[in-house]
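Chemist: I am attaching a structure below and will ask some questions about it afterwards.
The values are calculated or read from the model by the stated rules, or taken from the named source; none is laboratory data. All of these numbers come straight from a predicted model, not from anything done at the bench. Ideal geometry is used to build each Cβ from the backbone, glycine not excepted, and the neighbour counts take in all protein chains shown. For accessibility, only protein heavy atoms count, side chains too; no ligands or nucleic acids. Shrake-Rupley method; radii C 1.70, N 1.55, O 1.52, S 1.80 Å.
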Amino acid sequence: MFELIKKEKKARLGVYKCSSGVVHTPVFMNVGTQAAIKGGLSAKDLELVGCQIELSNTYHLHLRPGDQIIKKLGGLHKFMGYNGPILTDSGGFQIFSLARLRKIKEEGVYFNSHIDGRAVFMGPEESMSIQSNLGSDIAMAFDECIKIPSDYSYVKKSCDRTARWLQRCVEEHNRLKETNPTNPEQVLFGINQGAIYHDLRIEHIKRITEFNLAGYAIGGLAVGEAAEDMYETIEAVEEYMPANKPRYLMGVGTPVNIIEAVYRGVDFFDCVMPARNGRHGSLFTWAGIMNIKNERYKDDERPISDECNCPVCKSYSRAYIRHLFAANEILGLRFAVMHNLFFYNSLMEGIRAAVKNEEFEGFRRKYIEILDRRI
RNA sequence: GGGAGGGUACCCAAGUGGCUAAAGGGGGCAGACUGUAAAUCUGCUGGUUGACGCCUACGGUGGUUCGAAUCCACUCCCUCCCA
């Protein structure tokens, strides 16, 4: 259930309530694809970094360990020791990311497992069934994440199919709710597609909002298009998204992307970036992005950021973290990811406070100049 | 004292007349990363230059040759075996 608390222009402050807890929006969902945060973080660590809601993946957990096993063990929350809200992505992104390993048909997608090559079929019903077994709080519709650039004619054809898939997702989701769900409170979010063709985006969002789902996502962005194209696409779609439902911009993004999307009316985000880039040595701060592997930090006794209250910045120096990277110690990755997730969660906290105090306009102006800068 | 094998760039190591400023690793230095096939991938790593080029370089010195890391002589070091 979503409650809109306040608006500053299009930026929204809200509260999303689900069976596993309350989420204050705008929110960044911390990504734990395989029921773990890459870089060696556990559910307990998610609390330390201020995580409100976690995201896991249908395709990956279906392949390993298998959703039947997770259901048998009491669901994903219990399995990974996390009792906060969980959103599961549907497998639709893997149609994009594992493009060389799949064939799309009307009935669904024939994957060859990236692990061992075996045939794995996933359609709307399978995705819903797996997510039902996982027992996440929010299930995502099975969609095709379309690469950009793609021909108009292909995008149109794909959007029509994703809309037909949504019909099947809704029916299966309702059916499973009645039978033997791991989490009877699970809700379904729909996903808008259309690449950067505004007319297709609008046609598609109109079509999927007819299902009156618990929330709506904008998918298929940040897949190669210019940032400006992404912002314009959000603006085009946003007008047609229900005001009383959460809006989720999937897979985005940089701190500046997030600010710009909040500015255009988005509530939910998720991105691999703080975890992946952290593992690769890029650390996000209020002053910009630093590469902790750089030589200039070899004897720097300061924390990553003086303005940061994360567990890493409270105890360790840049020199120490750089050393951990150089020495190939996994502790370095863990610290980097912890810091970055803490930063992203703090960024969202800052955004919420700004909207609450009607200072978001100034917050945006200040930070879009700073946060993507390399320092 | 006798015999054998070696000395190549920061390190290890390939190369036995021109296609070699020198393979491949490691190390070092940078960059990329957006619903995670990523503790990954890419580039650079003798000097100078925007580039062409020029200079310096395969233990040292001196030769042979149009041309040498590569062939010859002497020499200095290292490892192993025998006495």
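Chemist: Please give the strands (runs of 3 or more DSSP E) falling wholly within the stretch A:1-47 in which 2 or more residues are surrounded by 22 or more Cβ atoms within 10 Å (Cβ to Cβ).
Modeler: A:11-18, A:21-25, A:27-31
Chemist: Among helices (runs of 4 or more DSSP H) lying entirely in the stretch A:78-194, which contain 2 or more residues that are over 25 Å from A:Val223 (Cα atoms) and among the small types (Gly, Ala, Ser)?
Modeler: A:124-134
Chemist: Does the stretch A:102-111 contain any residue that is buried (at least 18 other Cβ atoms within 10 Å of the Cβ), within 15 Å of RNA strand B (Cβ to nearest atom) and among the aromatic types (Phe, Trp, Tyr)?
Modeler: So far as the stretch A:102-111 goes, yes, one or more of its residues are buried (at least 18 other Cβ atoms within 10 Å of the Cβ), within 15 Å of RNA strand B (Cβ to nearest atom) and among the aromatic types (Phe, Trp, Tyr).
Chemist: Still on this structure, I have one more. Taking the stated definitions as given, is A:Val355 in contact (Cβ under 8 Å) with a residue 40 or more places away in the chain, outside any loop (DSSP other than H, G, I, E, B) and closer than 14 Å to A:Phe284 by Cβ?
Modeler: It is false that A:Val355 is in contact (Cβ under 8 Å) with a residue 40 or more places away in the chain, outside any loop (DSSP other than H, G, I, E, B) and closer than 14 Å to A:Phe284 by Cβ.
Residues are listed down the side, and each one gets a yes or a no for (1) near RNA strand B (Cβ under 10 Å from one of its atoms); (2) part of a loop (DSSP other than H, G, I, E, B); (3) open to solvent by 10 Å² or more (accessible area, probe 1.4 Å):
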{"residue": "A:Asn244", "(1), (2), (3)": "no, yes, yes"}
{"residue": "A:Gly251", "(1), (2), (3)": "yes, yes, yes"}
{"residue": "A:Glu260", "(1), (2), (3)": "no, no, yes"}
{"residue": "A:Phe269", "(1), (2), (3)": "yes, no, no"}
{"residue": "A:Pro274", "(1), (2), (3)": "yes, no, no"}
{"residue": "A:Gly278", "(1), (2), (3)": "yes, no, no"}
{"residue": "A:Phe284", "(1), (2), (3)": "no, no, no"}
{"residue": "A:Ile289", "(1), (2), (3)": "yes, no, yes"}
{"residue": "A:Lys293", "(1), (2), (3)": "yes, yes, yes"}
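Chemist: Within the stretch A:212-232, is there a residue that is free of Cβ contacts under 8 Å to residues at least 40 places away in the same chain and touching a Pro at 6+ places or on another chain (Cβ under 9 Å)?
Modeler: Among the residues of the stretch A:212-232, at least one is free of Cβ contacts under 8 Å to residues at least 40 places away in the same chain and touching a Pro at 6+ places or on another chain (Cβ under 9 Å), which makes the answer yes.
Chemist: Collect the residues in the stretch A:64-88 that are under 20 Å from the mean Cα position of the chain (by Cα) and open to solvent by less than 20 Å² (accessible area, probe 1.4 Å), keeping them in residue-number order.
Modeler: Hits for the stretch A:64-88 are A:Leu76, A:Tyr82, A:Gly84, A:Pro85, A:Ile86, A:Leu87, A:Thr88.
Chemist: Among the residues of the stretch A:83-127, what is the count of those that are touching a Cys at 6+ places or on another chain (Cβ under 9 Å) and either small (Gly, Ala, Ser) or closer than 15 Å to A:Cys145 by Cα (or both)?
Modeler: 10
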